[in-house]
1. Could you pull out every residue, at least 5 positions away or on a different chain, whose amide H is within less than 5 Å of the one on A155? Hs are placed 1.01 Å off N in the peptide plane, and Pro or chain starts have none.
2. So who's got an amide H within less than 5 Å of the one on A340, skipping anything under 5 residues away but keeping other chains? H placed 1.01 Å off N, in plane.
3. For the chain, which whole percent of the accessible surface, found with a 1.4 angstrom probe, sits on carbon and sulfur atoms?
4. Build a GNM of the chain with springs between Cα atoms under 10 Å: which of L336, L256, L350 gets the top mean-square fluctuation?
5. Separation of region 349-392 and region 309-342 by C-alpha centroid, Å?
6. For region 173-315, compute Rh as the Kirkwood radius over C-alpha pairs and then the Stokes-Einstein diffusion coefficient at 4 °C and 1.567 mPa s; write the answer in µm²/s, rounded to an integer.
7. Sum up the charges of everything whose Cβ sits under 14 Å from the Cβ of V66, counting Lys and Arg as +1 and Asp and Glu as -1, but leave V66 out.
8. Quick check for you: with a 1.4 Å probe and neighbouring chains kept, what is the accessible area per residue of the chain, in Å²?
Amino acid sequence: CFRSGGGIGLLWLTGGTTPGAADGMGVGAVQGEVFTLVRNHELRTYGGGFGPRASHYDPLCGGGAVTLRYDRAKGELIEARGSLSGTLVNCAGGTTPWGSWLSCEETVTSAGQRVVHQGQTLTLERAHGFVFEVPADGLSTARPLTALGQFVHEAAVVDPADGTVYLTEDQRPAGFYRLRPNVPGRLTAGGVLQMLRVRGQPDLRRGHRAGHRWDVDWVDIDHPERGIDPDNGGRDGVLRQGVAQGGSLFTRLEGLYVHGDEVFFTATDGGNAQCGQVWRLRPSQQTLELFYESPGGAVLDYPDNICLSPTGSIVLCEASKQPVQRLFGMTREGALFELARNNTVLQGELPGLSGDFRGAEWAGACFSPDGRTLFANVYTPGFSVAITGPFA
């Protein structure tokens, strides 16, 4: 690790390994210069979980989350431990105002579904497609928050103003959702899941102009736990419930953050060029704006996870088809600037890691609360970095 006014350092625990496919991540707690982060691992593996057995949901499954503790003053990772496992395809999620992490499964399966692992046919014990809560200071109870729906989850973020949870869905087509909790701050108490409806505009995937705004309302999802459609066996049961009431369609919704009276989220392949959209919802006005649309892959290609910078700009992780993967900043006027590139080629500097990883996507961008450090993940082989400012 190195820090010299500004720089970038790998978060690595000597003598230990963590799972690969490092995806969404958030800062859960801060003690002086020690930051606790929870990091998702987007794994569809069936060889069993990692970490303590008490944090396992379905014994066969190998996805989940790892908790990291990083000492910024020393530039050292001081702890890495499994805190949720037995899940599948833990993609993104979001932090809560009370210091936990919401880890989201980006898949839908039924209990009893058969899978093949290393030539053997195995049977899943539990249904998947849910959100799980991971405390920053301990283990997850591995209890699915079924009120948040069973669907192809991407991100879930709590609005500190009223406890509403906003959620994105990463499939084609997709819906945008919110949970109105029965008890703000206690997600196990359930609530009402709803899908966004743009009045007079059922399809938002293509054919719209950046800057346009629409009035919105919400339709209730009566059976949020019914991700598998009972009529046809499809894995889009929640989406179908919303569409039947006029809910509006997006495509591949990904990153999400909430700040003040703004909810920003991305559609990875949205827009006429199919290279990405950035949307802004204003809850107080119940309006939706197409904030930005990429004109082509060379400009911005497949925006994924996002976060808010201390200067008010948006940081966008690129999961691109282009030969280079970039971290972008976007001003509040919608202007893009390149912040960093993944230029990772390892030749044995770290134990067990060698190869050219420049094609691996960025993920999990999040700032320390004081704004001095930007944490992010390089998805493959799966490591985190701490990028120090100052950020002008």
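The values are calculated or read from the model by the stated rules, or taken from the named source; none is laboratory data. Model, not experiment: these values are computed from the prediction. All Cβ positions, even for glycine, are placed from backbone atoms using ideal geometry, and neighbour counts span all protein chains on display. In case anyone asks, the SASA skips ligands and DNA or RNA and just uses the protein heavy atoms, side chains included. Shrake-Rupley method; radii C 1.70, N 1.55, O 1.52, S 1.80 Å.
1. Amide H neighbours of A155: T168.
2. L327
3. Carbon with sulfur: 48 percent of the solvent-accessible area.
4. Highest fluctuation among the options: L350.
5. Between the Cα centre of region 349-392 and that of region 309-342, the gap is 14 Å.
6. In µm²/s, the coefficient is 81.
7. So the environment of V66 carries a net charge of 0.
8. 39
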